[in-house]
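A quick write-up on the structure given underneath.
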Amino acid sequence: QVRLVESGGGLVQPGGSLTLTCVASGTISTIYTMAWYRQGPGKQRELVAHITSGGITNYVDSVKGRFIISRDNAKNTMALQMNKLKPEDTAVYYCNADIRKIIVGPLDNYWGQGTQVTVSS
């Protein structure tokens, strides 16, 4: 089985920083694109940033210049460094990944359980 586990969420003041981490474990052959999504109160889940296995990144406009996504392919981990946080960044943040469990197996999509980020004074 494959698991994605997020950590690093918490309460932070506006202007502060947090770093989220996602660890993938289990039977894994290859991890392709990894991504962070978030769902704020009363909002739909949205894509925040994604990173390909080759390191190409993309961000939603609202976090460009403030958030940095990265990954360590050797450790099957991904991080989201969040700077200059705003109250509107308050949300549950989810890790997402496209993973092939065996070399010739299917490509499946997985979600973590989410970690709460609250930006408030």
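The values are calculated or read from the model by the stated rules, or taken from the named source; none is laboratory data. Predicted model only: the values in this text are computed from it and were never measured. Here the Cβ is made from the backbone with ideal geometry for all residues, glycine too, and neighbour counts use every protein chain on show. Side chains are part of the model used for accessible areas, which takes the heavy atoms of the whole protein and leaves out ligands, DNA and RNA. Shrake-Rupley method; radii C 1.70, N 1.55, O 1.52, S 1.80 Å.
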Practice task
Would you mind checking the stretch 46-60 for residues with the amide N under 18 Å from a putative spin-label position 7 Å along Cα→C-beta of Glu88?
Solution key: 46-49, 59-60
Practice task
Give the peptides 83-90, 110-117 in descending order of average Cβ contacts within 10 Å, highest first.
Solution key: 110-117, 83-90
Fill in the blank from the handout: With x for Gly and Pro, the residue-by-residue ³J(HN,Hα) of the stretch 69-83, computed from phi through the Karplus equation 6.51 cos²θ - 1.76 cosθ + 1.60 at θ = phi - 60° and given in whole Hz, is 9, 8, 8, 10, 5, 5, 9, 6, 10, 9, 10, 9, 8, 10, 10
Problem - Reachable lysines, given that their alpha-carbon falls under 19 Å from the alpha-carbon of Lys101 and they are not under 8 places away in the same chain - result: Lys75
Practice task
State the extension gain, in nm to one decimal, for the chain segment bounded by Gln116 and Thr57, taking 0.36 nm per residue of separation less the distance between their alpha-carbons.
Solution key: 18.9 nm
Problem - Spin-label model distance (nm) - Lys75 vs Ile102, 7 Å beyond Cα toward Cβ - result: 3.0
Completion exercise
Listed by chain and number, the aspartates and glutamates with an alpha carbon less than 17 angstrom from that of Lys84, same-chain partners under 8 positions apart left out, are Asp61
Fill in the blank from the handout: Averaged per residue, the 1.4 Å probe accessible area of the chain, protein heavy atoms only, in Å², is roughly 52
Completion exercise
Interchain or sequence-distant (5+) residues whose placed amide H lies within less than 5 Å of the amide H of Thr33 are Ser53, Asp98
Exercise for the section: Would you work out what percent of the accessible area of the stretch 68-121, with all protein chains in place, is carbon or sulfur (probe 1.4 Å)? Expected result: 53
Practice task
Go through Arg66, Arg71 and list them by solvent-accessible area, largest first, probe radius 1.4 Å.
Solution key: Arg71, Arg66
Exercise for the section: Report the charge-dipole magnitude of the chain in Debye, nearest 20, computed about the Cα centre from +1 at each Lys and Arg Cβ and -1 at each Asp and Glu Cβ. Expected result: 60
